[in-house]
Amino acid sequence: MNLLAGILFFVLVKSGLSLKCYQCSNLINDKSCEGDVKECTTTDINPFCMKTDAQTSDRQIILKGCGGFALRKPKNECGKPTDIAGLKATMCICTSDLCNSGNIKESTKFLMLFLIFMSILIQYMFETN
C-alpha cells in the first residue's frame, strides 16, 4: 500500500511541476508551425518554453520547444534581434504553460541566441551545397 501511495504521489507531483510548451519547426516544410504540445520533462532544470523567429533573404524560420537553465531561473524575455551572416533572428523564452504560441514580448540572452542560430546557419549552409 505504501508503494502505491508513493507512486501516486510521484505522478501527481510530476504532473504539477511540468511545463507544457508548443514544439514545432517549419524547417522541413513550409507549414505554419502550429506544433504539437510537449510536456517538458522534470529533468529539465528551471524549464522554459522558447520561440525563435528567423528570417533569411527568402524564408521565415520558426522554432518552438522546451529548454532548461541549470544555473538560474529563466525570465520571461526576448533577445534583441540579431543578424548573423544574413540570418536575422529573435529568440524569446517564457515560463508558463503554452506561452510560446504567438508573439512573446520578452527575450533571452544573446549567447543562447547566437549558439542556436550558428547551428541553424551551419546546417543551412551544408544543405544548400
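Hey, any hits in region 44-55 for a residue that's in contact with a Ser or Thr (Cβ under 7 Å, 6 or more places away or on another chain) and at pLDDT below 85? There is no residue in region 44-55 that is in contact with a Ser or Thr (Cβ under 7 Å, 6 or more places away or on another chain) and at pLDDT below 85.
What tally of residues in region 72-95 results from selecting those that are touching a residue at least 24 places away in the same chain (Cβ under 8 Å) and outside any strand (DSSP E or B)?
The total comes to 10.
The lone criterion from (1) more than 19 Å from residue 33 (Cα to Cα); (2) modelled with pLDDT of 80 or more; (3) of a type outside the set (Asp, Glu) left unmet by residue 119 is number (2).
The values are calculated or read from the model by the stated rules, or taken from the named source; none is laboratory data. Note that this is a predicted model, so its numbers are computed, not measured. Positions of Cβ are backbone-derived with ideal geometry, glycine not excepted, and every protein chain shown enters the neighbour counts.
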